[in-house]
Amino acid sequence: MAPAQENVISVRNLRVGFGQRDVLKDLDLDLKRGEILGFVGASGSGKSVLARTILGLLPKRAGTIEAFGRNLDQVGEEERQAIERRWGVLFQGGALFSSLTVRQNIQFTLRENLHMSQRLMDEIAAAKLEMVGLPPDTGAKLPAELSGGMVKRAALARSLALDPEIVFLDEPTSGLDPISAGDFDDLILALQQTLGLTVFMVTHDLDSLHTVCDRVAALSNGKVIAVGPIESLLESKDPWLQAYFHGKRGRSRMSGKKK
Amino acid sequence: MTSGKARLKSLPFGVGANSVGVEPVFLQSELRGKKLVLSARGDWVAAHANEIEPQVESALKKQTRVDQIEIDASKVKRVDTIGAWLIERLKRNWESGGAKAAIVGLDPRYKVLLDEVAASNRQPPVPPKRETPLADTLAYIGMSAAESWVDLKALMQFLGHVMVAAGRVLMRPWSFRFTSVVNQIDRVGFRAVPIIVLIMFLIGAILAQQGIFHFRRFGAETYVVDMVGILVLREVGVLIVSIMIAGRSGSAYTAELGSMKMREEIDALRVMGFDPVEVLILPRLIALIIAMPLLTFIGSMSGLFGGGLVTWLYGGMPPEVFIERLRDAISRSTFEVGMIKAPFMAFVIGLIACVEGLRVAGSAESLGEHTTASVVKAIFLVIVLDGLFAIFFAGIDM
Ligand SMILES: Nc1ncnc2c1ncn2[C@@H]1O[C@H](COP(=O)(O)OP(=O)(O)OP(=O)(O)O)[C@@H](O)[C@H]1O
Ligand SMILES: [Mg+2]
């Protein structure tokens with residue numbers, strides 16, 4: 001087991017809501033350095049809301065969020081930007097800049113944050129594209145000219161442009177064919193091993209949960225009801241978790257594995 | 001369980017690139033016998049890329065005739081994708097010169113990363129061909145000319161489509177989207193009243209003030225009433241209202257339809273068996289055609305009021321005299337000419353706005369482009385149309 005269990009993100013008593021309704025109530029969660037944390041929950045349970053709140057895109061009603069040991073409420077403008085440069089985000093819908101080509105999208109943070117030569121940026125963009133499994137000519141295309149799966153990959157390439165320490169992935173493999181989804185998992189794993197990447201991955205993909213996630217956290221009724229290695233969640237008595245992992249789809253996957 | 005569990009976790013990563021001091025020398029070359037040894041050191045990470053790259057390039061420039069190169073990376077502390085690529089670039093450049101290059105001493109945990117970048121960028125993409133500025137300009141002019149033909153065709157095609165949809169609604173009047181029309185009238189008509197009233201009031205006042213100021217020299221101040229009356233009712237009222245509406249509502253139509261187009265909402269309507277022209281465009285056009293004459297009327301009255309107020313306060317002509325003179329100066333046809341034009345202007349503005357909205361493609365930039373185009377074209381066509389009407393009314397003595 002890894003000795004260093006430093007928390008890169010830690011969330012305490014978080015409450016987030018819209019109007020009358022609280023979507024997240026007193027939620028606690030830790031993300032440890034170097035791990036891949038899978039995050040599961042029913043549709044509409046607030047997974048994206050949690051990610052967006054940590055990223056500072058949604059206001060919280062109560063609680064604290066710490067990133068890299070710093071309370072995000074207490075950091076100044078500059079420090080906050082420095083922290084933001086250390087994480088990358090893959091939004092559920094890709095969120096590529098529609099008026100820039102894929103290459104320019106990937107180079108955007110490089111251009112803004114570092115003073116690199118155009119040649120190096122082009123080479124890096126091409127390398128990133130290749131890493132996420134896109135053909136080189138994709139670089140010159142506009143986001144509107146890509147398929148759904150290609151958008152996902154291009155968005156991942158953009159989120160990795162600065163070699164961040166943490167990446168937030170919101171359903172990275174949804175909408176990909178099984179082979180691509182498998183490649184995507186391998187890619188995440190390779191990046192984690194080589195770059196020491198910490199990954200927060202919202203996913204419904206049972207295969208991803210089994211093969212790449214070190215720990216899995218389950219969200220239900222606004223709280224994290226269980227967190228730990230997938231095996232411990234599989235054994236949980238919680239009815240929702242039972243249904244999630246031992247429902248028809250979960251079962252077929254498990255039996256497939258045993259063969 | 002799976003291969004995923006066996007991995008390196010105890011990586012001694014500091015809390016970010018910033019915590020390490022700047023090391024100016026990243027690469028040193030040294031000739032050892034027939035072998036060139038390049039020793040890399042420090043953090044080969046994105047934050048230092050702009051210092052590392054020149055050193056890599058200058059090491060390559062000093063290319064002496066050696067056929068064995070060793071890249072010693074044992075002193076490299078950290079590597080990220082950008083650093084790995086620069087090492088790879090170094091190696092690749094020597095190899096392309098026919099030499100043998102090897103990387104030694106690199107921390108084994110970076111092997112996967114290096115292999116990953118080694119596989120990439122094998123064929124650098126050809127940069128797009130650049131034309132000379134003159135050729136570019138000529139090409140641009142040519143394309144714009146061709147574009148205007150395409151524009152005209154699109155407009156005509158769309159007009160046809162609207163007519164067909166209108167015909168269909170006439171055959172089945174119960175399918176007419178009455179609520180939608182009322183909603184649109186509220187947006188483009190009712191809510192535009194304050195700004196139209198204000199603008200036309202000011203225009204009327206300015207016209208009267210200028211008239212009084214200049215006519216006074218000839219002692220012809222009373223003709224100000226004729227000028228303001230005819231100008232506001234016949235020309236300025238409908239023109240200003242058209243321009244305001246093109247900017248206010250035409251642009252809104254284009255932006256709405258354009259963003260619906262971008263998010264495939266229009267395609268969704270179509271596959272559900274609805275005609276987007278009938279559902280989205282006809283109500284908007286009809287609302288504009290109904291609202292515009294009303295706005296023109298309100299605007300003209302406000303203009304006359306502004307003119308009257310100025311002739312009274314600034315020109316010293318009592319309101320009764322102003323109204324008396326106005327009655328003599330204008331006839332019913334003066335008023336009619338302005339009002340007849342209004343629905344035609346509305347139709348042109350609405351048509352252009354909707355065509356441009358439906359031509360939005362993919363990007364946010366395209367949405368902006370078409371919204372601008374919608375306003376510019378609508379105003380241009382409104383003025384052209386006004387000229388044609390002037391010729392027509394002169395021809396029929398109105
Ligand atoms: N901007 C918003 N305003 C109001 N309610 C919102 C807003 N964003 C999210 N919600 C609500 O918060 C809840 C959680 O949404 P969220 O997007 O986090 O779901 P999710 O868990 O990511 O689901 P999925 O798996 O479908 O992506 C939903 O009930 C949604 O209606
Ligand atoms: Mg979501």
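The values are calculated or read from the model by the stated rules, or taken from the named source; none is laboratory data. Predicted model only: the values in this text are computed from it and were never measured. Cβ placement follows ideal geometry from the backbone for every residue including glycine, while neighbour counts extend to all protein chains displayed. Each accessible area value is taken on the protein alone, full model and side chains, heavy atoms only, with ligands, DNA and RNA left out. Shrake-Rupley method; radii C 1.70, N 1.55, O 1.52, S 1.80 Å.
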Problem set entry | Count of residues meeting criterion [open to solvent by less than 10 Å² (accessible area, probe 1.4 Å), in contact with a helix residue (DSSP H, G or I) (Cβ under 7 Å, 6 or more places away or on another chain) and more than 17 Å from A:Gly38 (Cβ to Cβ)] in the stretch A:161-207 | 2
Seminar exercise, completed: Just one listed residue, out of A:Leu37, A:Leu29, A:Leu24, A:Leu58, is over 15 Å from the mean Cα position of the chain (by Cα), part of a strand (DSSP E or B) and either among the hydrophobic types (A, V, I, L, M, F, W, C) or within 13 Å of ligand 2 (Cβ to nearest atom) (or both), and it is A:Leu24
Seminar exercise, completed: Quick count over the stretch B:261-279, residues being without any contact (Cβ under 8 Å) to a residue 60 or more places away in the chain, among the hydrophobic types (A, V, I, L, M, F, W, C) and in a helix (DSSP H, G or I), is 3
For this session: Just give me the residues in the stretch A:110-150 being within 21 Å of the chain's Cα centre (by Cα) and surrounded by fewer than 19 Cβ atoms within 10 Å (Cβ to Cβ), in sequence order.
Result: A:Gly133, A:Ser147, A:Gly148, A:Gly149
For this session: Run A:Gly175 past the list (1) farther than 18 Å from A:Asn7 by Cα; (2) at pLDDT 85 or above and report the number of the one that doesn't hold.
Result: (2)
For this session: Determine if the stretch A:214-225 includes at least one residue that is touching a residue at least 60 places away in the same chain (Cβ under 8 Å), within 16 Å of ligand 2 (Cβ to nearest atom), within 14 Å of chain B (Cβ to nearest Cβ) and touching a Phe, Trp or Tyr at 6+ places or on another chain (Cβ under 9 Å).
Result: no
Problem set entry | the stretch B:340-355, residues that are surrounded by 18 or more Cβ atoms within 10 Å (Cβ to Cβ) and closer than 16 Å to B:Ala394 by Cα | B:Lys341
Exercise. What residue, of B:Leu113, B:Leu106, B:Leu155, is open to solvent by less than 50 Å² (accessible area, probe 1.4 Å), under 30 Å from B:Asp67 (Cβ atoms) and either in a helix (DSSP H, G or I) or of a type in the set (Phe, Trp, Tyr) (or both)?
Worked result: B:Leu113
Seminar exercise, completed: Filter the stretch A:65-91 for residues that are open to solvent by 50 Å² or more (accessible area, probe 1.4 Å) and of a type in the set (S, T, N, Q); the one that is farthest from ligand 1 (Cβ to nearest atom) is A:Gln74
Exercise. If we keep just the residues of the stretch A:11-22 that are under 17 Å from A:Gly56 (Cα atoms) and near ligand 1 (Cβ under 9 Å from one of its atoms), which is surrounded by the most Cβ atoms within 10 Å (Cβ to Cβ)?
Worked result: A:Val16
For this session: State which residue pairs qualify: first residue farther than 14 Å from B:Asn50 by Cβ and inside the stretch A:100-114, second residue small (Gly, Ala, Ser) and outside any helix (DSSP H, G or I) in any location, beta carbons under 7 Å apart, and separation of 6 or more residues or different chains.
Result: A:Ile106/A:Ala161; A:Thr109/A:Ala161
For this session: Look at B:Leu385 and say whether it is in contact with a Phe, Trp or Tyr (Cβ under 9 Å, 6 or more places away or on another chain), farther than 18 Å from B:Glu256 by Cα, away from chain A (no Cβ under 14 Å) and assigned to a helix (DSSP H, G or I).
Result: yes
Exercise. From A:Glu78, A:Glu35, which residue is within 14 Å of chain B (Cβ to nearest Cβ) and free of Cβ contacts under 8 Å to residues at least 60 places away in the same chain?
Worked result: A:Glu78
Seminar exercise, completed: All conditions in (1) touching a Pro at 6+ places or on another chain (Cβ under 9 Å); (2) surrounded by fewer than 20 Cβ atoms within 10 Å (Cβ to Cβ) are true of A:Leu156 except (2)
Exercise. What single numbered condition from (1) more than 14 Å from chain B (Cβ to nearest Cβ); (2) among the acidic types (Asp, Glu); (3) part of a strand (DSSP E or B) fails to hold for A:Asp73?
Worked result: (3)
Problem set entry | Residues being more than 9 Å from every other protein chain (Cβ to nearest Cβ), touching a strand residue (DSSP E or B) at 6+ places or on another chain (Cβ under 7 Å) and not small (Gly, Ala, Ser) - total across the stretch B:65-88 | 12
For this session: Quick one: in the stretch A:36-59, of everything that is open to solvent by 10 Å² or more (accessible area, probe 1.4 Å) and away from ligand 1 (no atom under 12 Å from the Cβ), which residue is nearest to A:Leu209 (Cα to Cα)?
Result: A:Leu55
Exercise. Got a sec? Which strands (runs of 3 or more DSSP E) wholly within the stretch B:1-99 have at least 2 residues that are charged (D, E, K, R) and modelled with pLDDT under 80?
Worked result: B:27-32
Exercise. Does the stretch B:310-325 hold any residues that are hydrophobic (A, V, I, L, M, F, W, C) and either free of Cβ contacts under 8 Å to residues at least 24 places away in the same chain or surrounded by fewer than 18 Cβ atoms within 10 Å (Cβ to Cβ) (or both), and which are they?
Worked result: B:Trp312, B:Leu313, B:Val321, B:Ile323
Exercise. Before we move on, is B:Ser148 more than 30 Å from B:Ser96 (Cβ to Cβ), in contact (Cβ under 8 Å) with a residue 24 or more places away in the chain and within 32 Å of the chain's Cα centre (by Cα)?
Worked result: no
For this session: Enumerate the pairs (first residue in the stretch B:68-81 and under 13 Å from B:Gln28 (Cα atoms); second residue anywhere and of a type in the set (D, E, K, R)) with beta-carbon separation below 7 Å, excluding pairs fewer than 6 apart on the same chain, so at least 6 apart or on different chains.
Result: B:Ile69/B:Lys100; B:Glu70/B:Lys35; B:Ile71/B:Lys91; B:Lys75/B:Arg41; B:Val76/B:Arg41
For this session: Identify, by number, the condition in (1) within 16 Å of ligand 2 (Cβ to nearest atom); (2) touching a residue at least 40 places away in the same chain (Cβ under 8 Å) that A:Gln192 doesn't meet.
Result: (1)
Seminar exercise, completed: Exception for A:Lys25 within (1) open to solvent by 30 Å² or more (accessible area, probe 1.4 Å); (2) away from ligand 1 (no atom under 14 Å from the Cβ) falls at (2)
